[in-house]
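Report on one structure; see the data block that follows.
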C-alpha cells in the first residue's frame, strides 16, 4: 500500500491554548512557529495516520510581552532548556462521520505523557494551484502539573492563580507532498 505524505501549512494553521486565571477569566495564547507531518496508507480516510508536530517554545504569544517572557522562564516552559514541544501520534482512529481520536505522546518541558485529543476532519480538496489540502480541528485538555509546570501562586481567597487544566485548540491544514 502506498504511503501518502502531508505537511502542515503554517500560513493556514494555528495552535492555541486557554487557561483560567484567578478563576474568573480565561487567558488565551498561541504558538506562532510550528511544523508537522502526516503520513497515511489508507486511501479512503486518514484512519491510522501517523502525525508528528514540533512547536517552537519561544514562539509563545499571549498578546502581552511581559507575560510571554515569564512563560518562557524556568518557572513555566523553560524555553532555554526545552526550546521545542513535540507531539507524536501513537494512534489516530476514525470514530464516526468526520470524528477521529488522536492518542499521542506529548513532550513538554522534558516530560513525555500520553494525551487524548478529539479531531474533526474538515475535508479535503484541491486548491487553485493544484495542491491537495486537508483540514482538521483538534481539541483537548491537558494537566499542566503532568508536564512539570507547577507554578502554584495562591490568591488572597486561597484559590489558585492558574487552573490545573489547559485547553488545547488547533486548526491545522495539511498540504499533500507530491
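A few points about this structure:
- Members of the range 51-67 found to be within 18 Å of the chain's Cα centre (by Cα) and at pLDDT 95 or above, listed by number: 51, 52, 53, 54, 55, 56, 57, 58, 59, 60, 61
- Residue in the range 140-161 that is in contact with a strand residue (DSSP E or B) (Cβ under 8 Å, 6 or more places away or on another chain), at pLDDT 95 or above and either surrounded by 13 or more Cβ atoms within 10 Å (Cβ to Cβ) or closer than 20 Å to residue 31 by Cβ (or both) present: yes
- Count of residues meeting criterion [part of a strand (DSSP E or B) and either closer than 18 Å to residue 58 by Cβ or free of Cβ contacts under 8 Å to residues at least 40 places away in the same chain (or both)] in the range 9-26: 6
- Residue-level check: of (1) out of contact with any helix residue (DSSP H, G or I) (no Cβ under 7 Å at 6 or more places or on another chain); (2) under 26 Å from residue 11 (Cα atoms); (3) in a helix (DSSP H, G or I); (4) touching a residue at least 12 places away in the same chain (Cβ under 8 Å), residue 58 misses just (1).
- Residue among 109, 113 that alone is touching a helix residue (DSSP H, G or I) at 6+ places or on another chain (Cβ under 7 Å) and within 21 Å of residue 20 (Cα to Cα): 109
The values are calculated or read from the model by the stated rules, or taken from the named source; none is laboratory data. Quantities reported herein were computed from a predicted structural model and do not represent experimental measurements. Note that each Cβ is placed from the backbone with ideal geometry, even for glycine, and that neighbours are counted across all protein chains shown.
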